[in-house]
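Notes to accompany the following structure.
The values are calculated or read from the model by the stated rules, or taken from the named source; none is laboratory data. Everything numeric in this text was worked out from a predicted model, so none of it was measured. Counting neighbours? That spans all protein chains shown, and the Cβs are built from the backbone with ideal geometry, glycine included.
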Amino acid sequence: MGSTLLDAISLLAHLDPQVLAIVWLSFQVSLGATALGSLVGLLLGTWIAVAEFPGRAAVTVLLNGMMGMPPVVLGVIVYLALSRSGPLGTLGLLYSPTAMVIAQTLLVTPLIAALARQTVEDAWSDYRIELTALGFDRRLAVLTLLHDCRYSLVVAVLAGLGRAMSEVGAVMIVGGNIDGFTRVMTTAIALETAKGDLPLSIALGLVLISVVVALNALAFGLRQWAMRRYG
């Protein structure tokens, strides 16, 4: 075990090209998915938080439930949509980084939307009367709340990125784990461990753990800093 760990550290220390390629693709896919998921999720969560429409409670429950969507189930759904016989099969996206971005976007969007909805809804219930008394129309009031909640919303985005980086099921199904093309850290760890290439698996695992811990530390630090500054 000791020699295996040393070999893994050596791969990282020497910036092994295979490790770098896998890590780089992981960031490309996860950052792309998080950007798209944040755009849709923040808008959707804000709309649900401040809008009044029939079935709002049911939509909220459904959104919260989708936070726990099993990645493999989502992967199968996207696979069926992108397969040759599926409705989007003519696009030829299956087993490509684009398909992986689509799957991860669908995975992180409900998470970001649910967290944003809770944040904005809490602020809306606390400050709606004051904002209305100040003569703010609904659009300006919502924009003011979003500015006030910006740090909490960033934390929601970081949570989405963390889930995207650590997800394996969906991207393996729609990406195919093709060496040099669709292999990301999580899928590579699963494959290389099965093949017995433990140094590479451990090296990628160390990178992945470092990224996830860094994201959680950043989210925690940002939340604490905002609480100290704004109470």
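So how many residues does segment 150-180 have that are within 25 Å of A116 (Cβ to Cβ), part of a helix (DSSP H, G or I) and of a type outside the set (A, V, I, L, M, F, W, C)? Steps first, answer last, please.
Of the residues in segment 150-180, the ones within 25 Å of A116 (Cβ to Cβ) are 150-167, 169-171.
Subsequent filtering for residues that are part of a helix (DSSP H, G or I) retains 150-166, 169-171.
Of the ones still in play, those that are also of a type outside the set (A, V, I, L, M, F, W, C) are 150-152, 160, 162-163, 166, 169.
Residues in segment 150-180 being within 25 Å of A116 (Cβ to Cβ), part of a helix (DSSP H, G or I) and of a type outside the set (A, V, I, L, M, F, W, C): 8 in total.
Only one of R117, R163, R150 is closer than 23 Å to V211 by Cα, at pLDDT 90 or above and among the basic types (K, R); which?
R163
Within segment 188-204, is there a residue that is under 22 Å from L6 (Cβ atoms), under 17 Å from the mean Cα position of the chain (by Cα), in a helix (DSSP H, G or I) and at pLDDT 90 or above?
no
Any idea which of G45, G32 is closer than 25 Å to R150 by Cα, under 11 Å from the mean Cα position of the chain (by Cα) and among the small types (G, A, S)?
G32
For T132, state whether it is hydroxyl-bearing (S, T, Y), outside any helix (DSSP H, G or I) and farther than 30 Å from S3 by Cβ. Show your work before the answer.
Working: hydroxyl-bearing (S, T, Y): yes; outside any helix (DSSP H, G or I): no; farther than 30 Å from S3 by Cβ: yes.
Here the answer is no, as T132 does not meet what is asked.
Report yes if some residue within segment 89-107 is buried (at least 21 other Cβ atoms within 10 Å of the Cβ), more than 27 Å from V184 (Cα to Cα) and of a type outside the set (S, T, Y); otherwise report no.
No, segment 89-107 has no match at all.
Can you tell me which residue among R128, R150, R163 is free of Cβ contacts under 8 Å to residues at least 12 places away in the same chain, out of contact with any strand residue (DSSP E or B) (no Cβ under 9 Å at 6 or more places or on another chain) and among the basic types (K, R)? Break it down into steps so the answer makes sense when it comes.
Numbers: R128 fails: free of Cβ contacts under 8 Å to residues at least 12 places away in the same chain; R163 fails: free of Cβ contacts under 8 Å to residues at least 12 places away in the same chain.
Every option except R150 fails the conditions.
Residues being under 16 Å from A159 (Cα atoms) and surrounded by fewer than 20 Cβ atoms within 10 Å (Cβ to Cβ): count how many of those fall in segment 35-62.
Residues in segment 35-62 being under 16 Å from A159 (Cα atoms) and surrounded by fewer than 20 Cβ atoms within 10 Å (Cβ to Cβ): 4 in total.
Test R183 against the criterion of being closer than 24 Å to P110 by Cβ, of a type in the set (D, E, K, R) and in contact (Cβ under 8 Å) with a residue 12 or more places away in the chain, and give yes or no.
Spelling it out, it is not the case that R183 is closer than 24 Å to P110 by Cβ, of a type in the set (D, E, K, R) and in contact (Cβ under 8 Å) with a residue 12 or more places away in the chain.
Do any residues in segment 11-26 that are farther than 9 Å from M185 by Cβ have Cβ atoms under 9 Å from those of residues that are surrounded by fewer than 17 Cβ atoms within 10 Å (Cβ to Cβ) and among the acidic types (D, E), where the two are at least six apart or on different chains, and which pairs are they?
Going by the 9 Å Cβ cut-off, the qualifying pairs are Q18/D179.
What do you reckon, is A159 surrounded by 18 or more Cβ atoms within 10 Å (Cβ to Cβ) and within 21 Å of S38 (Cβ to Cβ)?
Values: surrounded by 18 or more Cβ atoms within 10 Å (Cβ to Cβ): yes; within 21 Å of S38 (Cβ to Cβ): yes.
Yes: the conditions hold for A159.
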